[in-house]
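The values are calculated or read from the model by the stated rules, or taken from the named source; none is laboratory data. Computed from a predicted structure; not experimentally measured. Cβ atoms come from the backbone with ideal geometry, glycine included; neighbour counts cover every protein chain shown.
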Amino acid sequence: MVGIVQPTPQDAERAFRPDPAPHVTLEELARQIRERGITAQVEGDGGVVVSGVCLDSRAVLPGDLYAAVPGARSHGADFATAAAASGASAILADRDGARRSAGVGLPVLVVESVRAAVGPLAAGLYDTGESGPALLGVTGTNGKTTTTYFITSLLAALGQRTGLIGTIEILADGTRIPSVLTTPEAPQLHALLGRMRSAGVDAVAMEVSSHSIDYERVGGMRFDVAGFTNLTQDHLDLHGSMESYFSTKARLFDADRSSRAVITVDDEWGQRMARTSGSGVLTLRTLPAAADDRDLPGNPWHVGALVQRGLGHDFELRGPDGAVLRAHTGLPGLFNVSNAALAVLMVHASGVPLESLQRVLDAADPLTVAVPGRMQVICQEPAAIVDFAHNADALERAIGAVRGERSGSRVIVVFGATGDRDATKRPTMGAVAARHADVVIVTDDDPHSEEPGGIRRQVLEGALDAISTEGLASSASEVFPRADAIAAAVAMARAEDTILVAGRGHEVWQEVNGVNVALDDRVELRRALEGAGFSPRPAGTDAADPAGNG
């Protein structure tokens, strides 16, 4: 295995930028953010022209405003000299940053909080307010990626030119832009929207992570529609508690951030989100109600007439005043019915009439779409599937989905847990796998800076404890490295069994002590299947069959 060569920071940054670049004076930018209620003062030449905004001194392009963000170990202003050497025209800094960068010789726009100011400032520079594409943002623990793919597929079927911003990729009217974060930094997002507007994009579907809300990466953005999938334990290393995690997600549904909301109310968190949202709300229930929904605000919709067809399902969306939409998704799992239903209602909430939606749902099957690394079928016999499930709830859903398709067979699951992340979920994930799969193979995910053996041990102990205390018939073992674990799963599989490789999905490298090592679960799984004499699908044909035949 070898490290993957990454683009330089400047090359990666350049890919986000619109062409031609904007040209706005520093004083004009200061005036614009003052109108948004942000205190701003120019020190030095306010007439200097700014053509971009950048938070990374290594990625600064000529003419950029370098945003010097204070950090836990250092202040971004300490790197102002490097930014100036790359051609920065000015600096955005707090008062401490202004002092630190005083000797660099560039004008400084001084604000109280760089994080709070940089998004609105970038919005003014790139003019991404009312003139930009419509924004449909999806948040929640699981399902964000698939839902955004469903939204773009629906919008494209309706004849709109679309953009996509997410974990797997960024697309501007079909042009792919490399994606590193679930949500890029605020200046990159506004640059992207400016680029998409120039390309004639009508609407953009975007994943919105809790990190992006907490770190103001969506600062200065207003969503036409915000959607909520669910909330389960994840990212507690950042948020500390589920209550804090919920509060962060809820900020997306403030009236000043989103105009309309579609909120899935299958769990208590969704019900709370619907009650606290400041946006106009549609509620969506995809599971039988455990309690009376009559106290929930907004127009209620629910999923009914659910019938399995092939790998996927036919279903109906039933709404107020007898409204009905008939739909189909070819992706496996009831959770993908939830994702598909949410996408349909978000597109409807964006202003598309029900009649137009029904027409494309009947004609184009837009909810059967390939989503890399999300319930991606690699082989039929044995059924071999790669999925991104990387927390306990998603893992339980994924195992349940594949078992539902292969009743009577064994389910063999291969997974691990990431390092430098919420360690409390590791034994829980092990226990969930032991309860719902027949064979559990614990291996490495992305260890990051942690010792891999310790992570594996925590996951395995959770599985073995559940097997012992609950009298489960499943087995659990530890195999590493990950490619060997995948090969071990294939070696024990019979044609009627199901192999689920979970946790990494579309990812093509594994981070070990700061080094990106080439590793693609789909490639390793396909290679192991071929070596064992099975017949995997050719690369690039791993989507669910549009006809629903698998």
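In the set (1) of a type in the set (S, T, N, Q); (2) touching a residue at least 40 places away in the same chain (Cβ under 8 Å); (3) more than 14 Å from Lys249 (Cα to Cα), Thr264 fails one condition alone, (3). Exactly one residue among Pro320, Pro353 is free of Cβ contacts under 8 Å to residues at least 12 places away in the same chain and over 24 Å from Gly140 (Cα atoms), and that residue is Pro353.
Exactly one residue out of Val262, Val208, Val201 is aliphatic (A, V, I, L, M) and over 30 Å from Pro22 (Cα atoms): that is Val262.
Looking only at helices (runs of 4 or more DSSP H) that lie completely in segment 434-550, which have at least 1 residues being modelled with pLDDT under 95, of a type outside the set (D, E, K, R) and buried (at least 23 other Cβ atoms within 10 Å of the Cβ)? Working first, answer last.
Working: elements: 452-470, 482-492, 521-531.
Here the list is empty.
Scoring Leu282 on the criteria (1) buried (at least 16 other Cβ atoms within 10 Å of the Cβ); (2) over 18 Å from Leu136 (Cα atoms); (3) in contact with a Pro (Cβ under 9 Å, 6 or more places away or on another chain) leaves a single failure, condition (2). The set of residues from segment 388-440 being basic (Lys, Arg) and touching a helix residue (DSSP H, G or I) at 6+ places or on another chain (Cβ under 9 Å) comprises Arg397, Arg403, Arg410, Arg421, Lys425, Arg426, Arg435. Filtering segment 242-254 to residues that are in a helix (DSSP H, G or I), in contact with a Gly (Cβ under 9 Å, 6 or more places away or on another chain) and over 19 Å from Ala341 (Cβ atoms) leaves Lys249, Leu252.
In the condition set (1) of a type outside the set (Ser, Thr, Tyr); (2) surrounded by fewer than 16 Cβ atoms within 10 Å (Cβ to Cβ); (3) in contact with a strand residue (DSSP E or B) (Cβ under 6 Å, 6 or more places away or on another chain), Pro62 is compliant with all but (3).
Can you name the residue in segment 382-425 that is among the hydroxyl-bearing types (Ser, Thr, Tyr) and in contact (Cβ under 8 Å) with a residue 24 or more places away in the chain and, of all such residues, is farthest from Val512 (Cα to Cα)? The extreme case among them is Ser409. The set of residues in segment 398-425 being crowded, with 24+ Cβ neighbours inside 10 Å and not in a strand (DSSP E or B) consists of Ala398, Ile399, Val402, Gly416, Ala417, Lys425.
Could you list, in sequence order, all residues of segment 293-333 that are at pLDDT 90 or above, under 18 Å from Thr147 (Cα atoms) and not aromatic (Phe, Trp, Tyr)? Residues satisfying the conditions are His302, Val303, His313, Asp314, Glu316, Leu317, Leu325, Arg326, Ala327, His328, Thr329.
For (1) outside the structural domain of Gly97 (by TED's automatic domain parsing); (2) of a type in the set (A, V, I, L, M, F, W, C); (3) in contact with a Leu (Cβ under 8 Å, 6 or more places away or on another chain), each residue gets a yes or a no:
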site: Gly47; (1), (2), (3): no, no, yes
site: Ala59; (1), (2), (3): no, yes, no
site: Tyr66; (1), (2), (3): no, no, yes
site: Val69; (1), (2), (3): no, yes, yes
site: Ala77; (1), (2), (3): no, yes, no
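The residues listed here are Leu189, Leu135, Leu155; of these, the one that is outside the structural domain of Phe388 (by TED's automatic domain parsing), within 29 Å of Phe335 (Cβ to Cβ) and part of a strand (DSSP E or B) is Leu135. In segment 82-125, the residue that is nearest to Thr39 (Cα to Cα) out of those that are in a helix (DSSP H, G or I), free of Cβ contacts under 8 Å to residues at least 40 places away in the same chain and in contact with a Gly (Cβ under 8 Å, 6 or more places away or on another chain) is Gly97. Looking at segment 1-21, can you tell me whether even one residue there is part of a loop (DSSP other than H, G, I, E, B), basic (Lys, Arg) and either buried (at least 18 other Cβ atoms within 10 Å of the Cβ) or under 26 Å from the mean Cα position of the chain (by Cα) (or both)? Among the residues of segment 1-21, at least one is part of a loop (DSSP other than H, G, I, E, B), basic (Lys, Arg) and either buried (at least 18 other Cβ atoms within 10 Å of the Cβ) or under 26 Å from the mean Cα position of the chain (by Cα) (or both), which makes the answer yes. Taken as a whole, the condition of being out of contact with any strand residue (DSSP E or B) (no Cβ under 6 Å at 6 or more places or on another chain) and surrounded by 14 or more Cβ atoms within 10 Å (Cβ to Cβ) applies to Arg272.
Here is the figure for segment 307-359: residues that are touching a Pro at 6+ places or on another chain (Cβ under 8 Å) and either among the small types (Gly, Ala, Ser) or assigned by TED's automatic domain parsing to the domain that holds Leu136 (or both) total 3.
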